[in-house]
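Notes for the one structure printed next.
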Amino acid sequence: MTSGDTPTVLLTIAYDSGMDERMMETLQEIGVTGWTKTAEAHGCGGAGPKLNSPIFPGSVLLLYLLLPEAETPRVAEALRALQQTYRRNPGLTMWTTPAQIL
C-alpha cells in the first residue's frame, strides 16, 4: 500500500487459472506482497471462452494490486514475461484504474 502523496493505481489482472501458481511466485519474486484475488470467474476473450464447463473448460482469476503508479510498468513487464514462458499463450489481460487510499 502507498501513502496519500504517491500517485496510486489499482492494477487489475484477469488471467487463466492455469497460471495461478506461477503468477503468485512471480509476484513474490518481484516484491509484490499485497493483493486480493477473486477465484472462479467466467469470461471470454482472446483465449476463448472460460466457463468451467465440459464444453468450455477452465476459469479466470481476477487479481487486484494497489501499486504506486511508477511501479506498474515493472509489474506488467514481469507478468508479460511470465505469459511468454508458456507454449500456448494463456489469457492475461491487465488494466489500471486511478485509486485513492482513504
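Please work out if Pro73 is of a type outside the set (Phe, Trp, Tyr) and in contact (Cβ under 8 Å) with a residue 60 or more places away in the chain.
Numbers: of a type outside the set (Phe, Trp, Tyr): yes; in contact (Cβ under 8 Å) with a residue 60 or more places away in the chain: no.
No: the conditions fail for Pro73.
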Take the residues of the range 7-65 that are crowded, with 18+ Cβ neighbours inside 10 Å and of a type in the set (D, E, K, R): which is nearest to Arg87 (Cα to Cα)?
Asp16
Residue tally, condition in contact (Cβ under 8 Å) with a residue 60 or more places away in the chain and aliphatic (A, V, I, L, M), over the range 3-35:
6
So for the range 31-44 (the condition being at pLDDT 95 or above, under 19 Å from Arg88 (Cα atoms) and in contact with a strand residue (DSSP E or B) (Cβ under 9 Å, 6 or more places away or on another chain)), does at least one residue qualify?
no
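Out of the residues in the range 20-47 that are in contact with a Ser or Thr (Cβ under 9 Å, 6 or more places away or on another chain) and outside any strand (DSSP E or B), which is farthest from Leu63 (Cα to Cα)?
First, the residues of the range 20-47 that are in contact with a Ser or Thr (Cβ under 9 Å, 6 or more places away or on another chain): 22, 27, 32, 39-43, 45-46.
If we keep only those that are outside any strand (DSSP E or B) as well, we get 22, 27, 32, 42, 46.
On the way: Arg22: 13, Leu27: 11, Val32: 12, His42: 14, Gly46: 18 Å.
Here the residue is Gly46.
Of all residues in the range 84-102, how many are surrounded by 16 or more Cβ atoms within 10 Å (Cβ to Cβ) and either within 11 Å of the chain's Cα centre (by Cα) or among the small types (Gly, Ala, Ser) (or both)? I'd like the intermediate steps shown before the answer.
At the first step, the residues of the range 84-102 found to be surrounded by 16 or more Cβ atoms within 10 Å (Cβ to Cβ) are 90-92, 94, 99.
In the following step, the residues that additionally are either within 11 Å of the chain's Cα centre (by Cα) or among the small types (Gly, Ala, Ser) (or both) were identified as 91-92, 94, 99.
The qualifying residues number 4.
The values are calculated or read from the model by the stated rules, or taken from the named source; none is laboratory data. Remember, it's a predicted structure, so these values are computed and weren't measured experimentally. Don't worry about glycine lacking a Cβ; one is built from the backbone with ideal geometry, like all the others, and counts go over all protein chains shown.
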